[in-house]
1. Roughly how much of residue 351 is accessible, in Å² to the nearest 10, using a 1.4 Å probe?
2. Which three extents, in whole angstrom, do the alpha-carbon atoms of region 93-222 cover along their principal axes, largest first?
3. Pairs 72/130; 128/349; 98/356: which are spaced more than 24 Å apart, C-alpha to C-alpha?
4. Give me the percent of accessible area attributable to carbon and sulfur for region 101-189, probe 1.4 angstrom.
5. To check my understanding: the extent here is largest minus smallest coordinate of the Cα atoms along each principal axis. What are those three numbers for region 84-144, in Å, largest first?
6. Region 69-131 to region 227-255: how many Å between their Cα centroids?
7. With equal scatterers on the alpha carbons only and no solvent term, can you work out the Debye log10 of I(q)/I(0) for region 248-357 at 0.19, 0.20, 0.23 1/Å?
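The values are calculated or read from the model by the stated rules, or taken from the named source; none is laboratory data. Computed from a predicted model, the values in this text were never measured in an experiment. Accessible surface is based on the protein model in full, side chains and every heavy atom, while ligands, DNA and RNA are left aside. Shrake-Rupley method; radii C 1.70, N 1.55, O 1.52, S 1.80 Å.
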Amino acid sequence: MRRVLRVAIIIRALSYCCHLFQPLVNIFCLKASQAESMSHDLTSAVDPTSTESRMAAEEDKWSDLPHELLSKIAGELGLMDFLSFRCVCKDWHIASSKVSHEDKSSKSEPWLLVYEGEGSQCSLHSSKHKRYISHIQELEGAACLASHEGWLLLFREGSLFFFCPFSKAKIELPNCPITEVTDHIAAFSSAPTAQDCSVVVLNQLNAFELQLFMLCRGENAWSKHSYAGYPFKRMRTAVFYKEKEFHFLDEGDGLVSFDASESPQWKSFVVRVQESESTPSDVVLNYVISKNFFQRHNNERSGNLRFLEANDSISTVGTTVPRHTGNFDLLIGSERIEAPKQSESRHLKGVWIQPKYCYVPPDQTW
């Protein structure tokens with residue numbers, strides 16, 4: 001099985017990379033066809049010892065490919081093929097160990113990760129309507145607060161940490177400022193490996209008061225900020241805007257901004273569609289908001305392709321898709337869908353995530 005997997009992956013990889021490695025294509029395809037013919041000849045009247053010896057020698061040839069070449073091939077694969085590539089053998093795993101990989105076919109739309117919270121089993125739905133089942137221990141009992149650039153911000157048992165479900169990379173945050181998750185939402189400015197990464201966690205204390213905790217890369221102590229304003233509806237979605245500014249959107253048309261520059265500043269806005277030229281007091285956002293992204297995509301699917309079964313409830317965490325529409329990002333809002341019969345329903349959790357394999361050095365810390 002592993003031998004067939006080697007052949008399938010290398011042929012697919014070569015189709016992606018032929019423009020880079022044209023002089024080698026004919027040689028590799030010849031080797032691949034030889035390996036395939038060997039696997040087919042297993043059922044024929046051939047000396048099994050001789051056949052196994054030839055196969056072992058052929059495997060050694062695959063393993064002896066230069067790591068630089070293997071790394072470039074791995075970088076051209078789709079994400080799931082890339083993960084399979086890493087499982088073929090030790091040499092292929094090592095060659096791709098320091099590759100941060102993004103699925104190039106899914107830049108325009110994120111994938112959906114669905115889990116129950118009480119167990120480790122989860123399902124991953126790709127933008128091409130493919131479904132993968134996996135077990136991720138880090139999701140067991142966890143609540144996802146934010147998703148950005150292939151990273152999740154998770155809370156579990158009094159701890160906040162970044163986690164990439166594709167690479168299993170994990171970065172702990174120090175001195176978690178919350179003890180439980182209720183209506184908390186969060187956002188972070190960039191990948192947690194970036195030097196300028198900032199994290200904010202917002203708690204809505206009541207209809208009039210917000211409480212925010214903020215931590216910058218390299219710091220150990222969270223700063224605390226409060227804001228009292230007009231009657232807020234339930235805050236649903238948090239997003240990094242630009243520089244040191246974060247936005248928080250409620251269930252209606254309300255938007256609250258927090259600018260963490262030299263003198264932190266809060267502002268409140270009402271979001272509306274721009275129908276004419278803006279006035280000097282207007283702020284034109286650099287993103288388009290989709291508040292029912294999950295519901296629309298679920299309704300467009302049929303049968304086993306649907307995200308939810310008949311009586312499922314789900315809470316989803318959104319994300320941002322860069323430059324989805326011209327010069328505007330797409331902000332996918334967080335959603336909550338209740339089942340008709342609450343007492344009989346499954347309560348699921350979902351998170352939209354960019355399909356990226358995020359490499360983190362072993363000694364990486366916050």
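1. Surface open to solvent at residue 351 totals about 0 Å².
2. The principal-axis extents, from largest down, are 45, 32, 28 Å.
3. Details: 72/130 26 Å; 128/349 21 Å; 98/356 13 Å.
Table pairs above 24 Å Cα-Cα are 72/130.
4. 41
5. The Cα atoms of region 84-144 stretch 36, 28, 18 Å along the principal axes, largest first.
6. Computed from Cα coordinates, the inter-centre distance equals 33 Å.
7. Summing over Cα pairs of region 248-357 leads to -1.13, -1.19, -1.36.
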